[in-house]
Amino acid sequence: MNGNSRNVLAAILIFLFPPISLGNDWQKTIISPDGFAYVNMKKMTTKNQFIIEKYNILEKTHKTYNFAASTSGCYNVRADSTSPKGDKISLIAICESDTDGRLQKFYRLMILDTRNGKEIRCFNNGHKSSFSPDGKEIAFTEQIFGERGSQPPLGYRGGMWIYNFHNNRAKRVSDGDFASSDINWSPHDNNIYVCYYDEVSRYNVSLARLEPTEYRGIYFSPNGLYYVSTPNESGAKIYQTSDNREMIEWGNLIKAKCRTNAPQMRYRLWSKQLNALVISPGPDWQNVVFSIPDGDIAGEFEGFVIGSNYNGTVVAIHPMKPDGTWYDQQKVNFINLAKFKK
């Protein structure tokens, strides 16, 4: 970096909302391209309904509204992904049912229309999901709730599925032995990448087949030339796609910004518009914006990242407390990353 990151940091545009109760500091926030953020899902225990707090980032206003979804017997509803246009969001819930005296817990994937809050479709056992780059389909995997080796719930078939919003059909594209811990329908080649522990597979959309890969991660740069491995807690690494070579020099530049004695990279997001990587070099609240074209750090900002819009130009964060020691889970800021573009 050229020594001006502090000036860039001071110049970024920040939207601050009044304190709100987020309940869970790991809650993911969805930001749609039309300038709305779907920040929090709360269960109204008296009515067995869920509500969404919807924020207008530009006008700095917010409202709370009910959404009609299959939430009976569900709890811990959290946002998962958004369509490119922001007209749909997917939510994951943990649900319970009593079948023949057997209490079962299972995941439920719900897809909502953000314009009216109505449910488009739900899938029992559906878990991680990713919208297609054109927003016409969504890919998801079925997942068994609980520890590895747990018994599957009734109706579980497993595998990966693709749901088409035009014909309202869900197509199973892999067998039941297939599972994933994460999934990404990557815009750079329009293929679906799935990660299951240390293995990465690719569903070739044009050839309609599942293929093994040698990749170590599923999140690719906008041009597809690089990707990031994303371990659960820390230890993320950047690789060159063509030969799986680790970009050690880039990693060292990022980790050199760590303000503690334990540098550990944590992936946050790729900014498609900036062609930049947002990544933490150590503490959860410290973030750097790494420019791929420049091979250098474009700027820094503080706060725990809890979401972004599809193009990676706006991120939602829990801002730092006044004493600067930790982030405030009761507040949400929105940062315009476009200010980092040179």
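Scanning the range 274-285 for residues that are outside any loop (DSSP other than H, G, I, E, B) and either touching a Lys or Arg at 6+ places or on another chain (Cβ under 7 Å) or at pLDDT below 95 (or both) yields V278, I279, S280.
Among the residues of the range 168-175, is there at least one that is within 20 Å of the chain's Cα centre (by Cα) and at pLDDT below 90? The answer is no; no qualifying residue exists. I'd like to check something: does the range 313-334 contain any residue that is crowded, with 17+ Cβ neighbours inside 10 Å, aromatic (F, W, Y) and within 18 Å of the chain's Cα centre (by Cα)? Yes, the conditions are met somewhere in the range 313-334. Contact map, the range 327-338: residues that are farther than 12 Å from V289 by Cβ paired with residues that are assigned to a loop (DSSP other than H, G, I, E, B) and of a type in the set (G, A, S), Cβ distance under 6 Å, separation 6+ or inter-chain. Pairs shown: Y327/G303.
For the range 156-200, the tally of residues that are of a type in the set (S, T, N, Q) and more than 23 Å from Y310 (Cα to Cα) stands at 3.
Screening the range 43-130 for strands (runs of 3 or more DSSP E) wholly inside it with 2 or more residues that are modelled with pLDDT under 85 returns the ranges 49-56, 61-66, 74-82, 88-99, 102-113. Filtering the range 123-134 to residues that are over 16 Å from the mean Cα position of the chain (by Cα) and surrounded by fewer than 17 Cβ atoms within 10 Å (Cβ to Cβ) leaves N124, D134. In the range 201-273, counting only strands (runs of 3 or more DSSP E) that sit wholly within it, the ones holding 2 or more residues that are without any contact (Cβ under 8 Å) to a residue 40 or more places away in the chain and more than 18 Å from the chain's Cα centre (by Cα) span 209-212, 237-240. Per the conditions (1) assigned to a loop (DSSP other than H, G, I, E, B); (2) within 21 Å of S81 (Cα to Cα); (3) of a type outside the set (G, A, S), the sole criterion not satisfied by P152 is (2).
The rows are residues; the columns are (1) under 24 Å from S132 (Cα atoms); (2) acidic (D, E); (3) touching a Gly at 6+ places or on another chain (Cβ under 8 Å).
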{"position": "I183", "(1), (2), (3)": "yes, no, no"}
{"position": "N191", "(1), (2), (3)": "yes, no, no"}
{"position": "V194", "(1), (2), (3)": "yes, no, no"}
{"position": "P222", "(1), (2), (3)": "yes, no, no"}
{"position": "Y239", "(1), (2), (3)": "yes, no, yes"}
{"position": "N244", "(1), (2), (3)": "no, no, no"}
{"position": "M247", "(1), (2), (3)": "no, no, no"}
{"position": "W250", "(1), (2), (3)": "no, no, yes"}
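The range 286-334 holds no strands (runs of 3 or more DSSP E) entirely within its bounds that carry 3 or more residues that are hydroxyl-bearing (S, T, Y).
The values are calculated or read from the model by the stated rules, or taken from the named source; none is laboratory data. Here the structure is a predicted model, which means the values were calculated and not measured. Every residue, glycine among them, receives a Cβ derived from its backbone with ideal geometry; neighbour counts consider all protein chains shown.
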